[in-house]
Amino acid sequence: MKSNKALLIVFSIILALPFVNSCKRGDKDPFLSLKSRNSRISANWELKSGYSDDYLSIDEEFRWLDSDCEDANDAGGGALTDEYKENDVQSKTFNYSDALAHYELLTTTTRENVIDPVAGLLVQGKEYEDAWTIKRDINYNYELTIKKNGEYRVYVTYNLFDDDVPNVIDGNGDMQYGQTYTGTFEYVDNWHWTNSSVGSKEGIMFDGFPMPIVNNMPEYDQDLNYFNNYVSGISFSNETMVFDIERLASKELTLIGQDKENSYYQDVDEEYEAFLNGQSIDCKGTFTYNSQDNKNYYLQFISDGKSVDK
């Protein structure tokens, strides 16, 4: 009798193996789970750790097709546009740890002089790099509630005190600094199982996936020297996102995502007349623009293992 029971147990396990394998998609999914992926995904997930980064590189170049145009003048006697080649790089990173988001913005340029996009001032390249380099810690909580019926909700709370923000002028005429940015953000939409964005396994698509944006403001003195920058607000982007699910267990969810956008543009200026040593010459210039924007996400969530569909 005991041998018959043992055989029955072994037979039951063999029959269950295809079901178990169908529940395991990610390399780090639990080997044995009696709950389907659809059931395991249903939970209130809290962002515990991970990172998101955005690396943007922009190259611009202008060249005359005829080298004589470098020394030519326009009809008014002024010099033509100088040839140039420039590169700007901006790197944004959020590192998440428990209820904290550490934000870093790093900017570099090869240009000697740059028009600051916010202040509208022509400043030195080094001043521009300093003005757009900033680090801040944000008290941050990100909750992602997913239901089996294809609905989800994102709820974010954040708090940041920046002691570099110019606030009010006191009775002595001195500027007082410091401001707190605190708030909540809520978003509701739909999700779908789909092809993975970074691998061959099944992925998950969110019709909108809010991520934080830190807006900052540079300050220059009357001599156009940079002396301070500060956070001017916190907002959220909201784009359709496809993630690979590295791990989906009853209390753990790890999402991996990538997004790459490349842009290339080249244009030859219309032919126009220029002058060199009293002689009229035809000049054309080629402007080339090339940008590469690479975004990466690695987000680890935890839950209490309780379904939100019950």
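What follows draws every value from the coordinates through simple rules; no lab data is involved. Computed from a predicted structure; not experimentally measured. Virtual Cβ from ideal backbone geometry, glycine too; neighbours counted across all protein chains shown.
The ranking of Glu261, Glu202 from fewest to most other beta carbons within 10 Å of each one's beta carbon is Glu261, Glu202. Cβ-Cβ distance of His102 and Lys260, R₀ of 22 Å, FRET efficiency by 1/(1 + (r/R0)^6): the value works out to about 0.35. Contact order, relative form, for the range 35-302: 23 percent (alpha carbon pairs under 8 Å, 6 or more residues apart, mean separation divided by residue count).
Values of log10 I(q)/I(0) for the chain across q = 0.09, 0.11, 0.14, 0.16 Å⁻¹ run -0.68, -0.86, -1.10, -1.27, by the Debye formula with one identical scatterer at each alpha carbon and no solvent. Using just its DSSP H runs of length 4 or more, each adding -39500 (n - 2.57), the chain gives a mean residue ellipticity at 222 nm of -3500 deg cm²/dmol after division by all residues. Each Cα pair under 8 Å and six or more residues apart adds its separation to the average, and for the range 102-258 the resulting relative contact order is 18 percent. Think of the chain as a dipole: +1 on every Lys or Arg Cβ, -1 on every Asp or Glu Cβ, centred on the Cα centre; then among Asn139, Tyr128, Pro218, Asn139 lies furthest on the positive end. Among Ile146, Ile204, Ile302, a tally of other beta-carbon atoms within 10 Å of each Cβ gives an order, fewest to most, of Ile302, Ile204, Ile146. The GNM of the chain, with springs linking C-alpha atoms under 10 angstrom apart, assigns the highest mean-square fluctuation among Tyr226, Tyr289, Tyr103 to Tyr289. When +1 charges are put on Lys and Arg Cβ atoms and -1 charges on Asp and Glu Cβ atoms, the dipole computed for the range 39-196 relative to its Cα centre reaches about 1460 debye.
The order of Asp223, Asp163, going from fewest to most other C-beta atoms within 10 Å of their C-beta, is Asp223, Asp163.
For the chain, the Cβ-based charge dipole about the Cα centre amounts to some 4120 debye (Lys, Arg positive; Asp, Glu negative; other atoms uncharged).
Near Phe301, the amide H atoms lying under 5 Å from its own belong to Lys48, Leu253, Thr254, Leu255; only residues 5 or more places off or on other chains count, and H is placed 1.01 Å from N. 3J(HN,Hα) couplings calculated from phi for the range 275-281 with the Karplus curve 6.51 cos²θ - 1.76 cosθ + 1.60 (θ = phi - 60°) are, in sequence order, 9, 9, 6, x, 9, 7, 10 Hz; Gly and Pro show x.
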